[in-house]
Amino acid sequence: MNKDISLSLFPSWALFAVLSAFFAALTALFGKLGVTGINSNLATLIRTIIIFFVIVGIISLRSEWQKLSTISINSWIFLTLSGIATGLSWLCYYHALQLGPITKVAPIDKLSVAIAILFGVIFLGEKLTWSIVLGGLLIISGTLILIAL
C-alpha cells in the first residue's frame, strides 16, 4: 500500500495552511508572554531579527538562494509592499497584545481572513461563492461574539 495515499487526499497547500494557523496561534501565545515588560516595538524588532536568521538558515539548508538580479521588478515592488504591510501588522499586533487579552486580540487579528477574501475577489478576480461568503460572514460573526462577550 502506498504510504503517501493519505497525503494525496489532503492538498499540500492545505497542510501548510493548517501549519500556518498552528504557528500563528503559538505566535500569539509566545508574543503575549514575550511582550510583558518590554516596549512592543522593540519586541517586534527582536522577533523580526529571529525570523531573519531562521529563514536564512532554511534557505541555506535547502540551497534555495538565487541571484537578486533574476527577481522581477514586479516581485520586488509587491514583496516590498508586503514587507511594509507585515511590519505594520506586527507592530500593531504586538502593541495590541501588550494592551489587551490574547482572547480578544487574536480573533480581531484573524479578521484578516475576511479582509483577504474581499481583496482576493476585488484585486485578483477570484471567484466569490456562497460557501466563501458564508465562511467570511461566520468569521466576522465569530469575531464579534468573541470580543463582545
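Taking the Cα centre of the chain as the origin, how large is its charge dipole in debye, to the nearest 20, when only Lys and Arg (+1) and Asp and Glu (-1) carry charge on their Cβ atoms?
On the way: 8 positive and 4 negative charges, 28 e Å.
Computed about the Cα centre, the dipole is about 140 debye.
List every DSSP H helix in the chain whose Cα atoms extend 27 Å or more along the helix's own long axis and whose mean Kyte-Doolittle hydropathy is at least -1.0. It would help to have the intermediate numbers written out before the result.
Details: long enough: 12-34 (32 Å, 1.62); 40-61 (31 Å, 2.15); 73-99 (39 Å, 0.96).
Span-like helices here: 12-34, 40-61, 73-99.
For the chain, set up a Gaussian network in which alpha carbons nearer than 10 Å are linked by springs, and say which option among 104, 127, 32 fluctuates the most.
Result: 127 has the largest fluctuation of those listed.
Name all residues of the stretch 94-118 having a backbone nitrogen under 16 Å from the label point set 7 Å from the Cα of residue 20 along its Cα→Cβ direction, giving them as ranges.
The answer is 109-118.
Could you tell me which label, among (1) 20.9; (2) 16.2; (3) 18.3, carries the value of Kirkwood radius over Cα pairs in Å calculated for this structure?
Computed from these coordinates, Kirkwood radius over Cα pairs in Å corresponds to label (3).
Please calculate how many Å² of accessible area the chain carries per residue, with a 1.4 Å probe and no DNA, RNA or ligand atoms counted. Please report the intermediate quantities before stating the final value.
On the way: 11470 Å² over 149 residues.
It amounts to 77 Å² per residue over the chain.
How far is it, in nm, from the label point at residue 103 to the one at residue 49 when both lie 7 Å from their Cα along the line to the Cβ?
Label at residue 103, label at residue 49, 3.5 nm between them.
Place a label point 7 angstrom from the Cα of residue 38 along the Cα-to-Cβ direction, then list the residues of the stretch 67-90 whose backbone nitrogen is under 17 Å away.
Hits in the stretch 67-90 for residue 38 at 17 Å: 90.
The values are calculated or read from the model by the stated rules, or taken from the named source; none is laboratory data. In this text, all values refer to a predicted model and were calculated from it rather than measured experimentally. As a convention, Cβ positions derive from the backbone with ideal geometry for all residues, glycine included, and neighbour counts pool all protein chains shown. These accessible areas exclude ligands, DNA and RNA; they are computed on the full protein's heavy atoms, side chains included. Shrake-Rupley method; radii C 1.70, N 1.55, O 1.52, S 1.80 Å.
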